[in-house]
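Down below is the structure, laid out as structure tokens.
The values are calculated or read from the model by the stated rules, or taken from the named source; none is laboratory data. Nothing here was measured: the structure is a model prediction, and the numbers come from that model. All Cβ positions, even for glycine, are placed from backbone atoms using ideal geometry, and neighbour counts span all protein chains on display. All accessible areas refer to the heavy atoms of the entire protein, side chains included, with ligands and DNA or RNA removed. Shrake-Rupley method; radii C 1.70, N 1.55, O 1.52, S 1.80 Å.
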Amino acid sequence: MNTEIYNEEEKNKIEKSTLYLVATPIGNLADITYRAVKILSEVDFIAAEDTRNTPKLLMKYGIKKPLYSYFEHNKREHGEYIVSRLEAGESCALVTDAGTPAISDPGEDLVVLCQKRGIKVVSVPGACAAITALTLSGLPTRRFCFEGFLPPSKAERRERLKALANESRTTIVYEAPHHLLSTLKELYGALGDRRVAFCRELTKINEEAVIMSLSDAIEYYNGAKPRGEFVLVIEGAPEANDEVPKMTAAEHVEMYMSQGMTKMDAIKAAAKDRGVPKSELYAEINK
Ligand code: SAM
């Protein structure tokens with residue numbers, strides 16, 4: 001890769017009337033780029049999702065800048081104010097709680113507002129929990145999709161999970177620890193017994209990435225309290241198998257039983273091939 005195709009100094013100069021989306025660490029404070037530190041040190045002001053957390057990062061790098069709060073519940077009013085300062089010629093760096101702004105956080109709305117008002121936006125890449133988890137998961141990384149947080153509304157969530165049942169790409173989901181067990185149960189009901197990589201406390205002291213089936217995970221978390229931040233990396237649905245549509249569900253189960261499997265194992269294997277939960281296949285053959 002040729003990294004000197006442009007004049008580096010020129011490219012890294014802070015421009016007026018520009019919003020910089022600056023990626024910050026997701027745990028380990030050393031995970032920040034030279035460019036991010038330079039931009040945070042040189043912009044006119046910093047818009048931060050968490051004005052109590054960001055000073056720790058700024059202090060570590062000796063950065064002293066005025067902070068302005070921008071988070072979910074003030075994003076409309078404060079977004080307008082930030083854009084008015086950008087229109088007046090100032091430069092601003094947006095940092096969110098952790099990771100890459102605009103990924104599952106209100107940064108997305110500020111980018112839209114800037115686009116509407118003709119304000120230049122520059123993204124300064126760095127840590128992102130989704131990508132960090134995907135690379136550790138051991139699941140296919142060639143094709144993947146990012147779901148972020150599943151919708152909180154029950155109806156929307158049901159629809160989203162239904163759509164995910166046939167998604168053959170590796171799927172990345174964010175989840176808070178206190179919702180983990182209920183989400184795992186919903187995923188099991190909608191997707192069947194898939195493998196999931198539980199990527200926890202990434203880049204921190206207690207970082208771990210453990211891969212297990214949804215049924216094993218439900219059993220485990222029924223007894224153990226989930227702690228820390230989680231990214232779930234979920235195995236995709238099996239690619240449509242040409243043979244499957246030609247067989248009824250009962251024929252499919254019989255095929256496996258004729259190969260020596262018990263009925264329950266045959267149901268499990270056929271459900272996996274068809275990308276449906278075991279319970280759905282069981283109901284189908286017992287209709
Ligand atoms: N913008 C961030 C990014 O680039 O990843 C994501 C922000 S989102 C509000 C926060 C969620 O990201 C958490 O609930 C968790 O699912 C995930 N996350 C953030 N940091 C993490 C970490 N160190 N380990 C595991 N998951 C993390």
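Taking the condition within 22 Å of residue 102 (Cβ to Cβ), of a type outside the set (Asp, Glu) and loosely packed, with under 14 Cβ neighbours inside 10 Å, does residue 171 pass?
It is false that residue 171 is within 22 Å of residue 102 (Cβ to Cβ), of a type outside the set (Asp, Glu) and loosely packed, with under 14 Cβ neighbours inside 10 Å.
Scanning for something within 16 Å of the ligand (Cβ to nearest atom) and assigned to a helix (DSSP H, G or I), does region 64-85 turn up at least one residue?
yes
Out of the residues in region 86-120 that are in a loop (DSSP other than H, G, I, E, B) and more than 16 Å from the ligand (Cβ to nearest atom), state the one that is nearest to residue 202 (Cα to Cα).
Per the stated criteria, the residue is 91.
Considering only residues that are assigned to a loop (DSSP other than H, G, I, E, B) and within 15 Å of the ligand (Cβ to nearest atom), look in region 204-242 and name the one that is most open to solvent (accessible area, probe 1.4 Å).
205
Here are the criteria: (1) touching a residue at least 12 places away in the same chain (Cβ under 8 Å); (2) touching a Ser or Thr at 6+ places or on another chain (Cβ under 9 Å). Tell me which single one residue 79 does not satisfy.
The number of the failed condition is (2).
Are any of the residues in region 184-203 away from the ligand (no atom under 15 Å from the Cβ), surrounded by fewer than 16 Cβ atoms within 10 Å (Cβ to Cβ) and hydrophobic (A, V, I, L, M, F, W, C)?
Checking region 184-203: not a single residue is away from the ligand (no atom under 15 Å from the Cβ), surrounded by fewer than 16 Cβ atoms within 10 Å (Cβ to Cβ) and hydrophobic (A, V, I, L, M, F, W, C).
Return the residues of region 49-63 that are in a helix (DSSP H, G or I), open to solvent by 50 Å² or more (accessible area, probe 1.4 Å) and closer than 26 Å to residue 13 by Cβ; say none if nothing qualifies.
59, 60
From the list 104, 123, 84, which one is open to solvent by 20 Å² or more (accessible area, probe 1.4 Å), under 15 Å from residue 43 (Cβ atoms) and either of a type outside the set (A, V, I, L, M) or not assigned by TED's automatic domain parsing to the domain that holds residue 182 (or both)?
Going through 104, 123, 84 in turn, the sole match is 123.
Taking residue 110 as the residue in question, decide whether it is modelled with pLDDT of 95 or more, open to solvent by less than 70 Å² (accessible area, probe 1.4 Å), touching a strand residue (DSSP E or B) at 6+ places or on another chain (Cβ under 8 Å) and of a type in the set (A, V, I, L, M).
Criteria met by residue 110.
Among the residues of region 222-248, which ones are of a type in the set (Gly, Ala, Ser) and modelled with pLDDT of 90 or more?
223, 224, 228, 236, 237, listed by residue number.
What are the residues in region 150-171 that are touching a helix residue (DSSP H, G or I) at 6+ places or on another chain (Cβ under 6 Å) and part of a loop (DSSP other than H, G, I, E, B), if any?
Hits for region 150-171 are 150, 151, 165.
Output the number of the condition that residue 6 fails; it satisfies all remaining conditions of (1) of a type in the set (Ser, Thr, Tyr); (2) away from the ligand (no atom under 16 Å from the Cβ); (3) modelled with pLDDT of 95 or more.
Residue 6 satisfies every listed condition except (3).
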